[in-house]
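Student: Dropping the structure in here first, questions after.
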Ligand SMILES: NC(=O)c1ccc[n+]([C@@H]2O[C@H](COP(=O)([O-])OP(=O)(O)OC[C@H]3O[C@@H](n4cnc5c(N)ncnc54)[C@H](OP(=O)(O)O)[C@@H]3O)[C@@H](O)[C@H]2O)c1
C-alpha cells in the first residue's frame, strides 16, 4: 500500500472521465486528493471532490486554454498532473490524412506539452510537483496503423525527459507509465479480435486498476528521487516482441 506524498492535495488528470484516467482518479479520490479532470464529456462517476472541465484537447489553443482558465478563475493550481487523455486513428501511413495526423498529434502530444509547460510554473514556485504521462508500448513497437500515434507518444516522452532534467532541482518530478494492452473503450475492439495468450507472456490484457496502481509509485511519500523514469506495464509484451 503506497502512502501518497503529503503535499499532493490537488491533481489535474486529462482524460479522467473513463478508462485508465478514471481508474487513477478513483485511487486518488480514495486517498483524499481533490481531482480536476478534463475530457469532452463528463464522467459517469461522481464524487464531491471530482471536478469536470469540459475541454477538447484536439484544439491545441482552446483546449489547454479552457483548462488553464478553469484553475485561474478559482485561484488554484494543481500540484500533480497526470496526462492520460489519448486518441488513436488507426490507418496505414499512406491512408492518414491531415485531419487524423493533426488530431493524434494534438491530443496525445501538443496539448499536453502546453499543459505541462503551464503547470510546471506554480509547481516550481511551490518547489513541489508530480507530472506523469501515460505513454504506450506503441511508441517503441508500433503495430501497422499506429505510426502517427506512436510518433505523438514518443514526442511526449521526449518532452517529458527534457522537463525531468530542467525541473528536478525545483522538486518537480516527471515520469511516464508505458502500458501495453489494457482493457478499456480505447482498445476493446482491437483486443476482441486477438488471442493475447500467444502474444503476452502473462497471457492476458491488463486492467486499468493495475495501471493506476503503478502510477501511484510516482506519487508516493518517498518518490522524490524518481524522475525521468518509466514503468512499463505490459505483462512482459516488450520482452516478447521480436
Ligand atoms: N487501453 C490501452 O490498451 C492503452 C495502451 C497503451 C496506452 N494507452 C494510453 O492510455 C491513455 C488512456 O487510454 P484509455 O485506454 O483509458 O482510453 P479511453 O478509455 O478511450 O479514455 C480516453 C480518455 O481521453 C479522453 N479524450 C479523448 N479524446 C479527447 C479529446 N479530444 N479531448 C479531451 N479528452 C479526450 C476521453 O474523454 P472524452 O472522450 O469524453 O473526451 C477519455 O477520458 C491514453 O493516453 C492511451 O493512449 C492505452
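Student: Listed residues 55, 25; which is under 17 Å from residue 132 (Cα atoms), touching a strand residue (DSSP E or B) at 6+ places or on another chain (Cβ under 9 Å) and at pLDDT 95 or above?
Tutor: The match here is 25.
Student: Could you go through segment 144-153 and let me know if any residue there is under 16 Å from the mean Cα position of the chain (by Cα), over 30 Å from residue 6 (Cα atoms) and modelled with pLDDT under 95.
Tutor: Scanning segment 144-153 turns up no residue that is under 16 Å from the mean Cα position of the chain (by Cα), over 30 Å from residue 6 (Cα atoms) and modelled with pLDDT under 95.
Conditions (1) surrounded by fewer than 21 Cβ atoms within 10 Å (Cβ to Cβ); (2) within 12 Å of the ligand (Cβ to nearest atom), marked per residue:
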| residue | (1), (2) |
| --- | --- |
| 209 | yes, yes |
| 212 | no, yes |
| 223 | yes, no |
| 236 | yes, no |
| 240 | yes, no |
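The values are calculated or read from the model by the stated rules, or taken from the named source; none is laboratory data. No experiment lies behind these values; they were computed from the predicted model shown. For neighbour counting, all protein chains shown are included, and Cβ atoms are generated from backbone atoms with ideal geometry for every residue, glycine included.
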